Ligand SMILES: Cc1cc2nc3c(=O)[nH]c(=O)nc-3n(C[C@H](O)[C@H](O)[C@H](O)COP(=O)(O)O)c2cc1C
């Protein structure tokens, strides 16, 4: 079964992806947070994050977010210029700013814009594309209408997070909707949403139905892997978590300036972590690096 690490803006940057790949492994592809155009320019920070040199050795898929053919072409040009021949297209981001601009799940309300993207893709036959999408922005019909165009694209697969954009992260991912969508999709499909344990996912009654459809390719996991980065390995959790943290810590302290820059970055690493509640609170509340280190020492104390 194909397993992907979902893109999580602010969490899974290149350093994190590299470290996770080297320490844990078990992931077939790591998706980058979306590369976007802001104030008319492609964000430099996004381009730096997908630079081939810092992603070397890790199976990485750059992701773009666009509101139509023009933005899409500009983003693809920049990414292809870096040497990539694999691109994922975001049609699922529910953040209101992106949705209002017709990007992410907002794009699903504009079939004409998806058609523009389809035409642009056609001109780039050397690139292997995939799509990551939601069921729709306001209702499922939007996603199904988009699927009529998506079915005419050349794609490696479609990843579906079966929530509506308007739900953001509320409620649960709708596996029945995923099944219905898969019935109509002619591409291989990847399921994404609320997976916290592979065995629990595979033994769930509805997920079992996924495996009966030959179009079912695998899964993408996001917050579950941030919580338990060791999930796909059989290594001792705390020992390997320590190695991952060491890499993130070293990078932050060497590249960022002062506690006010370093601490938020380190806190983000622990935000979703599945660790002792009290220790996590102390880590997230630490207001200086020495305090942070004290809290971390409590977590790892006696574990090696
Ligand atoms: C903080 C945050 C940032 C995210 N950034 C992206 C992104 O850049 N691109 C994207 O396609 N999805 C993004 N997502 C959505 C996740 O990739 C994923 O689809 C979602 O979290 C559901 O999967 P999960 O339940 O396994 O986490 C983000 C989600 C969160 C919570």
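Observations on the model:
- Highest mobility in the GNM of the chain, judged by mean-square fluctuation with C-alpha springs under 10 Å and restricted to 92, 26, 40, is found for 40.
- Relative counts (whole %) of C-alpha pair distances in region 237-300, using bins that are 5 Å wide: 3, 18, 33, 30, 13, 3, 0
- Between helix 14-23 and the chain: long-axis angle, C-alpha atoms, 0 to 90°, nearest 10: 70
- Value of [θ]222 nm, deg cm²/dmol, for the chain, DSSP H segments ≥ 4, -39500 (n - 2.57) each, nearest 500: -13500 deg cm²/dmol
- Taken along the Cα-to-beta-carbon direction at a fixed 7 Å, the label points for residue 291 and residue 168 span 2.7 nm.
- Fluctuation leader among 130, 286, 53 - the chain, Gaussian network, Cα springs under 10 angstrom: 53
- C-alpha center-to-center spacing [region 49-102, region 142-157] in angstrom: 18
- For the chain, averaging the sequence separation of C-alpha pairs within contact (under 8 Å, six or more residues apart) and dividing by the residue count gives a relative contact order of 15 percent.
- For the chain, the share of DSSP beta bridges that are antiparallel, to the nearest 5, is 5%.
- Highest mobility in the GNM of the chain, judged by mean-square fluctuation with C-alpha springs under 10 Å and restricted to 219, 87, 283, is found for 283.
- Over all orientations, region 145-304 has a Cα convex hull whose mean projected area works out to 12.5 square nanometres.
- Computed FRET value (nearest 0.05) for residue 206 with residue 115, which takes r as the C-beta separation and R₀ as 45 Å: 0.90
- Our Cα-only numbers for the chain put the radius of gyration and Dmax at 19.6, 59 Å.
- The value of relative contact order for region 237-300, using C-alpha pairs under 8 Å at least six residues apart, is 31 percent.
Read-outs: derived from the displayed coordinates by stated rules, not from any lab. If you're wondering where the values come from, they're calculated on a predicted model, not measured in any experiment. Here Cβ is always computed from backbone atoms with ideal geometry, including for glycine, and neighbour counts include all displayed protein chains.
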